[in-house]
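Everything below concerns the one structure shown next.
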Amino acid sequence: MTVDHHRAPVLEALVDYHRRGQLAFSPPGHKQARGADPSVREALGDAVFLGDMLASGGLDDRLTRGQVLERAEHLMADAVHADHTFFTTCGSSLSVKAAMLAVAGPHEKLLIGRDAHKSVVSGLILSGIEPVWVEPRWDAERRIAHPPSAESYEKAFAIHPDAKGALVTSPTPYGACADLEAIAEVCHRRSVPVVVDEAWGAHLPFHPALPSWAMDAGADICVTSIHKMGSGLEQGSVFHLQGDLVPPQVLKMRSDLLGTTSPSVLLYAGMDGWRRQMVLHGRELMGGALELAAEVRAAVEEIDGMHVNDRDDFCGQGLADDFDPLPCVIDLTGLGISGFQAADWLREHRRVDMHLNDHRRIGAQITHADDRDTTAQLLAALKDLAHAAPDLPRAPRVEVPEPAELRLAQAVLPRDAFFGPTEDVPVSAAAGRVTAEMITPYPPGIPAILPGERLTEPVVRYLTTGLKAGMNLPDASDPELKTIRVVAAEADPGE
């Protein structure tokens, strides 16, 4: 197939569809905006509806003989040095599940960093895969987790030689990166694949000053969110494949199990256009973003009470292997306020929305879309926050456990705990019980507890004090956390 990165097959097919004046007697029912509610048309604009059509029998013919999507995926694969690329409009939450299912099946083992996103845990629940948890590298001083080391995966394989592969998250939402090349070598020495959840790394292939990209590092499957650090629309995700350890038809079949039969052409178009933008202009755009981020980081460091976490904070012995500077992570310990308070104040008083927020940090995500006007507003808002901080209520204390206390024993497989008999117990009686639900501080979306883990008092205190301090726990069955769902006593192997 010819490679011409000036082409954008999905976008070109959209233009051609309207040029031909196609008339559809098929979904979607709004019929190119004509039937949409006038107030919705006014709010969204007709362009949204004009780009919303059937992928087959609309954008392409009923047998997809135009190969519109196939050509767009081929160009994306070439752009990032993959053998195969698959688009999905269900977000990386679907992509990572498909990748897991292509590597392991029910009751088979998969090595997984315990700093994995909740979508990975959902994949375990749906598939029945047995997780072998690999410990992240915990920074006890800053109370933050970095991706596991290659040595940790090596040790896990030594104990579980029957594991079908490994999954690692890199970069983290905080910008910490793993040594993917070393982890891939650990896996390939055993002829098993490594899956990289690189949802936050769509930009990495397009500038040499950024950390290594999973495909170049030798990963077998890589999952990337185009909407996070790229120019795609929300839910636009791709997964890339290389090598012969995972057959492409297997990955596609697993994806078909989970994906929608009504994909959004709008999302396809966003991914297609972003690929063209990055191949043609990515080095320039990402270089500008890196310069801008450096300016922002230096300026924030000058604000009393704020410290920008940098490479020296996150990388080194026992910490991360590399660092992406575009997530500008700001430690507020010197201001005496929490990240929850700061995020709420910035939104309410300065109309600035932050990305990350936790018990002591906020994160400002800088991308190629920012410029000195947007960053000037950010810096002005942060200076105002620093001035306002002394008058804010004292930050409620979040009892963050020591690294050794964060690790919970996996007593039951996630799937068995989630679907088995359960009961709700008062939070005061939850320690010692096996959880039957996920409870996830969001962002960044890494479960503090997941189904099948045996709860401990330090983790219970962390969640309850975090909730009182403003932590967002969107998936708890009891939003007030007065109760926690646990495996029923008769099904608890420890009872």
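The values are calculated or read from the model by the stated rules, or taken from the named source; none is laboratory data. Keep in mind that this is a model prediction, so the values were computed, not measured. No Cβ is skipped: glycine too gets one built from the backbone with ideal geometry, and neighbour counts run over all protein chains shown. Areas reflect the complete protein model, heavy atoms only, side chains present, ligands, DNA and RNA absent. Shrake-Rupley method; radii C 1.70, N 1.55, O 1.52, S 1.80 Å.
So which of 376, 342 is part of a helix (DSSP H, G or I), surrounded by 19 or more Cβ atoms within 10 Å (Cβ to Cβ), more than 20 Å from the chain's Cα centre (by Cα) and not aromatic (Phe, Trp, Tyr)? Steps first, please.
Values: 376 fails: surrounded by 19 or more Cβ atoms within 10 Å (Cβ to Cβ).
One residue alone meets the criteria, 342.
Please find, within the stretch 157-184, the residue that is nearest to residue 321 (Cα to Cα) out of those that are more than 24 Å from the chain's Cα centre (by Cα) and in a helix (DSSP H, G or I).
The residue in question is 157.
Could you please tell me which pairs satisfy a Cβ distance under 9 Å, a separation of 6+ or placement on different chains, a first residue in the stretch 344-367 that is without any contact (Cβ under 8 Å) to a residue 40 or more places away in the chain, and a second residue that is open to solvent by 20 Å² or more (accessible area, probe 1.4 Å) and in a loop (DSSP other than H, G, I, E, B)?
Sorted first by the residue in the stretch 344-367, then by its partner, the pairs are 346/352; 346/353; 346/354; 347/353; 347/354; 362/354; 362/355.
Out of all the residues in the stretch 73-91, which are of a type outside the set (Phe, Trp, Tyr) and in contact with an Asp or Glu (Cβ under 7 Å, 6 or more places away or on another chain)?
In the first step, residues of the stretch 73-91 are kept if they are of a type outside the set (Phe, Trp, Tyr); the result is 73-85, 88-91.
77, 81, 85 - these are the residues of the stretch 73-91 that are of a type outside the set (Phe, Trp, Tyr) and in contact with an Asp or Glu (Cβ under 7 Å, 6 or more places away or on another chain).
Which one of 176, 199, 166, 217 is open to solvent by less than 20 Å² (accessible area, probe 1.4 Å), closer than 13 Å to residue 82 by Cα and of a type in the set (A, V, I, L, M)? Full working, then the answer.
On the way: 176 fails: closer than 13 Å to residue 82 by Cα; 199 fails: closer than 13 Å to residue 82 by Cα; 166 fails: closer than 13 Å to residue 82 by Cα.
Answer to the check: 217.
So which helices (runs of 4 or more DSSP H) are wholly in the stretch 1-82 and hold at least 3 residues that are open to solvent by 80 Å² or more (accessible area, probe 1.4 Å)? Walk me through how you get there before you give the answer.
On the way: elements: 9-20, 38-44, 46-50, 68-79.
Fully inside the stretch 1-82 and qualifying: 9-20, 38-44.
Name the residues in the stretch 449-463 that are surrounded by fewer than 20 Cβ atoms within 10 Å (Cβ to Cβ) and either among the small types (Gly, Ala, Ser) or part of a helix (DSSP H, G or I) (or both), would you?
Kept after step one, since they are surrounded by fewer than 20 Cβ atoms within 10 Å (Cβ to Cβ), are these residues of the stretch 449-463: 456-458, 461.
Within the stretch 449-463, 457, 458, 461 qualify.
Is the stretch 137-144 home to any residue that is within 20 Å of the chain's Cα centre (by Cα), under 18 Å from residue 314 (Cβ atoms), surrounded by 22 or more Cβ atoms within 10 Å (Cβ to Cβ) and among the aromatic types (Phe, Trp, Tyr)?
No: zero hits.
Which of the numbered conditions does residue 207 fail, given that it passes all the others? Conditions: (1) open to solvent by 60 Å² or more (accessible area, probe 1.4 Å); (2) in contact (Cβ under 8 Å) with a residue 12 or more places away in the chain.
(1)
Farther than 20 Å from residue 122 by Cβ and open to solvent by 30 Å² or more (accessible area, probe 1.4 Å): which single residue out of 432, 466 fits that description? It would help to see each step written out before you state the result.
On the way: 466 fails: open to solvent by 30 Å² or more (accessible area, probe 1.4 Å).
Residue meeting the stated conditions: 432.
Need pairs with beta-carbon distance below 7 Å; first residue more than 21 Å from residue 88 (Cβ to Cβ) and without any contact (Cβ under 8 Å) to a residue 40 or more places away in the chain and within the stretch 1-24, second in a loop (DSSP other than H, G, I, E, B) and of a type in the set (Gly, Ala, Ser); sequence gap 6+ or separate chains.
So the pair list comes out as 24/58.
Could you check the stretch 382-429 and list, in sequence order, the residues that are assigned to a loop (DSSP other than H, G, I, E, B), open to solvent by less than 40 Å² (accessible area, probe 1.4 Å) and closer than 30 Å to residue 298 by Cα?
Those that are assigned to a loop (DSSP other than H, G, I, E, B), open to solvent by less than 40 Å² (accessible area, probe 1.4 Å) and closer than 30 Å to residue 298 by Cα: 395, 398, 400.
I'm told residue 148 meets every condition in (1) assigned to a loop (DSSP other than H, G, I, E, B); (2) closer than 27 Å to residue 252 by Cα except one. Can you identify the failing condition by its number?
Of (1) assigned to a loop (DSSP other than H, G, I, E, B); (2) closer than 27 Å to residue 252 by Cα, only one is false for residue 148: (2).
Scanning for something part of a loop (DSSP other than H, G, I, E, B), on the phi > 0 side of the Ramachandran plot, of a type in the set (Gly, Ala, Ser) and touching a Leu at 6+ places or on another chain (Cβ under 7 Å), does the stretch 198-215 turn up at least one residue?
First pass over the stretch 198-215, keeping only residues part of a loop (DSSP other than H, G, I, E, B): 198-203, 207-215.
Then drop every residue that is not on the phi > 0 side of the Ramachandran plot, which leaves none.
Scanning the stretch 198-215, I find no residue that is part of a loop (DSSP other than H, G, I, E, B), on the phi > 0 side of the Ramachandran plot, of a type in the set (Gly, Ala, Ser) and touching a Leu at 6+ places or on another chain (Cβ under 7 Å), so the answer is no.
Could you grab me the full set of residues in the stretch 443-461 that are farther than 17 Å from residue 133 by Cα, out of contact with any His (no Cβ under 9 Å at 6 or more places or on another chain) and touching a residue at least 60 places away in the same chain (Cβ under 8 Å)?
Within the stretch 443-461, just 461 meets the criteria.
Pairs needed: first member in the stretch 99-110, assigned to a strand (DSSP E or B); second member anywhere, open to solvent by 40 Å² or more (accessible area, probe 1.4 Å); C-beta distance under 8 Å; at least 6 residues apart or different chains.
109/130; 109/160; 109/162; 109/164; 110/130; 110/164
Residue by residue, here is whether (1) under 23 Å from the mean Cα position of the chain (by Cα); (2) in a helix (DSSP H, G or I); (3) modelled with pLDDT of 95 or more; (4) crowded, with 23+ Cβ neighbours inside 10 Å holds:
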residue: 272; (1), (2), (3), (4): yes, yes, yes, yes
residue: 278; (1), (2), (3), (4): yes, yes, yes, yes
residue: 282; (1), (2), (3), (4): yes, yes, yes, no
residue: 285; (1), (2), (3), (4): yes, yes, yes, no
residue: 288; (1), (2), (3), (4): no, yes, yes, no
residue: 291; (1), (2), (3), (4): no, yes, yes, no
residue: 296; (1), (2), (3), (4): no, yes, yes, yes
residue: 303; (1), (2), (3), (4): no, no, yes, no
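Quick one: in the stretch 246-270, of everything that is crowded, with 18+ Cβ neighbours inside 10 Å and over 24 Å from residue 7 (Cβ atoms), which residue is farthest from the chain's Cα centre (by Cα)? Quick ask: steps written out before the conclusion?
Start the filter on the stretch 246-270 by keeping residues that are crowded, with 18+ Cβ neighbours inside 10 Å, which leaves 246, 251, 254-255, 259, 263-270.
If we keep only those that are over 24 Å from residue 7 (Cβ atoms) as well, we get 246, 251, 254-255, 259.
Working: 246: 22, 251: 20, 254: 20, 255: 18, 259: 18 Å.
Ranking the candidates gives 246 first.
Inside the stretch 358-373, can you point out the residues that are open to solvent by 30 Å² or more (accessible area, probe 1.4 Å) and not in a loop (DSSP other than H, G, I, E, B)?
Within the stretch 358-373, 365, 372, 373 meet the criteria.
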